[in-house]
Amino acid sequence: MSRVPMGSARMGADPFGPRIQQRYAPGLIPQGVSAELIAAEWGISREEMDAFAARSHLRAAAARDRGAFNREVIPIEFDTDDAHHRIDADETIRDTTTPEGLAKLTPSFKSEELSKRFPEIFWGITAGNSSQLSDGASAALMMSEQMAERLGMRPMARIHSMAVCGSDPIMMLTGPIPVTDKLLKRCGVDIDDIGHFEVNEAFASVPLAWQREFEVSDAALNPNGGAISLGHPLGASGTRLLATMLHAMGESGERYGLQVMCEGGGMANATLIENLQEGVR
């Protein structure tokens, strides 16, 4: 993301077209403003978002320190003119983060124009309770059961069910809620049977609103931190979430894990996996 900044692929062009602009006049809004609308709609305070963000860093730091990320991170080594370098851990985790420190940050998206358009917004989204801009890559190896048997490979998990949906492009980050409903109705697994949840921390208000709708415990939601602490390299976060969830389930023994992601423009997707590693409860 440091080499291809957000929005650069558009090359100055309008990706929506006149019909979309007319339908949602006076215009679509940035994702951060959608996150503000979610906070207002669900009554999520600035203090709650900052507390969630600080918890993300503390959980990620604890997972790193006990070696929970070791199996899912591939070290990168390289030389410069004066030294040899090795990167084997995410550099974005700040284990000294506190809600009090985050409270000092100013809102990132506040403007007089948008305040007039959306008077309900109290402007609580900051750089501290949003996902971090970071470079990163991830990969997952997927194959059919027949191919795994043919290659003599034992799968770590199977994809139980998947779902995708679209939602209001103004409230674009609410998609994780209806896509979870859609998947649960389709898969035949009750949410109480799922022991691990990864809801992408695009902004703190997103997983907090989702949690209020489904009443999932704090312990089960992003137990090793999320994008607020680990970063959100666009295009890589999907399988990064999957890897983190899968390895955490290997540690905890949970049978089912649900991964949910919001996406720009109002899309969202959900994936339910079943743990096939040893020690499943």
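The values are calculated or read from the model by the stated rules, or taken from the named source; none is laboratory data. Quantities reported herein were computed from a predicted structural model and do not represent experimental measurements. When we count neighbours, we look across all protein chains shown, and the Cβ atoms used for this are built from the backbone with ideal geometry, even at glycine.
Tabulated data
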item: Candidate set from the stretch 217-247 (those that are surrounded by fewer than 22 Cβ atoms within 10 Å (Cβ to Cβ), of a type in the set (A, V, I, L, M) and over 13 Å from the mean Cα position of the chain (by Cα)); member that is nearest to A103 (Cα to Cα); result: A219
item: Which numbered condition K116 fails, given (1) over 28 Å from A54 (Cβ atoms); (2) crowded, with 16+ Cβ neighbours inside 10 Å; result: (2)
item: All positions within the stretch 255-267 that are more than 21 Å from Q132 (Cβ to Cβ) and surrounded by 20 or more Cβ atoms within 10 Å (Cβ to Cβ); result: Y256, G257, L258
item: Qualifying residue in the stretch 36-56 (condition: surrounded by fewer than 18 Cβ atoms within 10 Å (Cβ to Cβ), in a loop (DSSP other than H, G, I, E, B), modelled with pLDDT under 95 and not hydrophobic (A, V, I, L, M, F, W, C)); result: no
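Per-residue answers, yes or no, for (1) in contact with a strand residue (DSSP E or B) (Cβ under 7 Å, 6 or more places away or on another chain); (2) without any contact (Cβ under 8 Å) to a residue 60 or more places away in the chain:
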site	(1), (2)
I38	no, no
A54	no, yes
P75	yes, yes
D82	no, yes
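Results for (1) of a type in the set (A, V, I, L, M); (2) in contact with a strand residue (DSSP E or B) (Cβ under 9 Å, 6 or more places away or on another chain); (3) assigned to a helix (DSSP H, G or I); (4) in contact (Cβ under 8 Å) with a residue 24 or more places away in the chain, shown as yes or no for each residue.
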{"residue": "E198", "(1), (2), (3), (4)": "no, yes, no, yes"}
{"residue": "E213", "(1), (2), (3), (4)": "no, no, yes, yes"}
{"residue": "I228", "(1), (2), (3), (4)": "yes, yes, yes, yes"}
{"residue": "P233", "(1), (2), (3), (4)": "no, no, no, yes"}
{"residue": "R240", "(1), (2), (3), (4)": "no, no, yes, yes"}
{"residue": "A243", "(1), (2), (3), (4)": "yes, no, yes, yes"}
{"residue": "L246", "(1), (2), (3), (4)": "yes, yes, yes, yes"}
